[in-house]
Amino acid sequence: MLVGTGPDRPAGGSQAGRRGGPGSRPGPAVFMLAAAAALVLGAAACSSGSPAGSPAPASGTPAPAAGSCAWPTLISAQTYNNVVPDAAASVWVQPIVVHKNLRIVISGRYPDARYASFSVYTSGGSSFTSNGAGSSLPDYRIAPDRGSVNPWQHRAAPGGRFTVTLRADVSPGQVNTLPLPAGTSSGHPGYLMYRVYLPAGGSFSRVQLPALTLRQGHAARTLPACRSHNSPVPAPATAPASAAAPGQPAGSSPAAAPVPRQLQFFNPAQPRYGGLLPNADSAYVLAYLVPPAQSDVVVVTAKAPASAPGSHPSVWPAPGEDVRYWSMCIGLGAAHLPTVVNKLPGGKTDYGCRADDATKLDSSGDYAFVIGTESQRAAIDRIPGATFLPFSTSQPTALHLLLLRNMLVSRQFPHSVQAVARAGDPAAAAAAMGPYYPRATICPLSVLAAKGPQACAHHS
């Protein structure tokens, strides 16, 4: 995760943090995206219900998948706000301890949602390949059971059934098969993750979790559903002193690799999110920003990729669709990188993410995100084509982080976030993304309201 040793002020320790211009840098901020993801791993192990060092089960009994119930951990912006989670997503986690001849059978129904996938990770939280078979399976590649239809393969109502098997003896091209991770133990399990984005009706409570059956030899045991989802352990307030900046080896000086200036989107040189628990279908570019003077806002503009419609399954790939899903989120650039969460009058909550279907576009297909304070929200909402994103009300002067996601990209779309090299270089990101590269500027709200987003380009 990113940790700022002085998140409330720009480089040099000036108290002018809220007036940092576009040339400001996030000061001595240290990048440690891996740390927050590592906490998720430790939490999944802790929530499994199996103490470290517990003995292997007796021969002929299916080995426990590091726990006594199915899907013990839930990760979302609402339950575990860590590493800028997308408010449109929930992730269920199942720890895995692999014993000889173990197979794990996932059986369930296709969810009524924009996107879903299964991913398997090593005990270190990495994706992997076993005998040419990858450890991720997106929705459109999940073959249906006999008599059912996959709604991402053919137009159909969701609810058809599928069966996916995790096993050690995998080979390329096997349908609905994922590899089991090697080198697991009770204290260091592997992980199975079930991701769902944009469920129909906006309610994750309607998502029916798949059943998990453990098979070993002729014995089989289906894990009962967990009665509740355990919360992961809290993130530490600061990163260790040896934390490295993007592209640096551990223990090297953060000053050797300066971060880009604020408001410039880039792909960190280190693996995305520290290389832990990556979604193989997603990629990100990010930018840092210091909240400007109270009369100003931050405006981010670019061409929006064409995305799949609505919150129901649709056939993929599809003509005219560049990505399955994209979003812009704002988080705090310190501690465990939480997504901004503001409590609003009337008991409502604003999670600082805007999915593609909640983003306004102009006649040219361009978006204009306007990041401002809650006191500026009403004025911003009146601006044609503007989509409001909030600065934190609890930490209004803190360093913030913007994160643009692209998920499941069409082969015919060359300007996605996935095309950006991990170089920590905004110029490289801009060259790869072309008109889809987000450009951010500080602008007086009065100018924006009077003349529109394009006028703000001259006020950077």
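The number of residues in region 358-382 that are touching a residue at least 60 places away in the same chain (Cβ under 8 Å) and buried (at least 16 other Cβ atoms within 10 Å of the Cβ) comes to 11.
Being buried (at least 23 other Cβ atoms within 10 Å of the Cβ) and out of contact with any Cys (no Cβ under 7 Å at 6 or more places or on another chain) holds for only one residue in Val285, Val341, Val297, Val315, and it is Val285.
Taken together, Arg411, Arg405 contain a single residue that is within 22 Å of the chain's Cα centre (by Cα), assigned to a loop (DSSP other than H, G, I, E, B) and charged (D, E, K, R), which is Arg411. I want to confirm something. Restricting to region 186-197 and keeping residues that are open to solvent by 10 Å² or more (accessible area, probe 1.4 Å) and in a loop (DSSP other than H, G, I, E, B), which single residue is nearest to His99 (Cα to Cα)? Checked region 186-197; the qualifying residue nearest to His99 (Cα to Cα) is Ser186. Being free of Cβ contacts under 8 Å to residues at least 60 places away in the same chain, among the hydroxyl-bearing types (Ser, Thr, Tyr) and within 16 Å of Leu192 (Cα to Cα): is that true of Thr122 here? Considered against the rule, which asks whether it is free of Cβ contacts under 8 Å to residues at least 60 places away in the same chain, among the hydroxyl-bearing types (Ser, Thr, Tyr) and within 16 Å of Leu192 (Cα to Cα), Thr122 comes out as no.
The values are calculated or read from the model by the stated rules, or taken from the named source; none is laboratory data. All of these numbers come straight from a predicted model, not from anything done at the bench. For neighbour counting, all protein chains shown are included, and Cβ atoms are generated from backbone atoms with ideal geometry for every residue, glycine included. Surface accessibility is based on the protein's heavy atoms, side chains included, excluding ligands, DNA and RNA. Shrake-Rupley method; radii C 1.70, N 1.55, O 1.52, S 1.80 Å.
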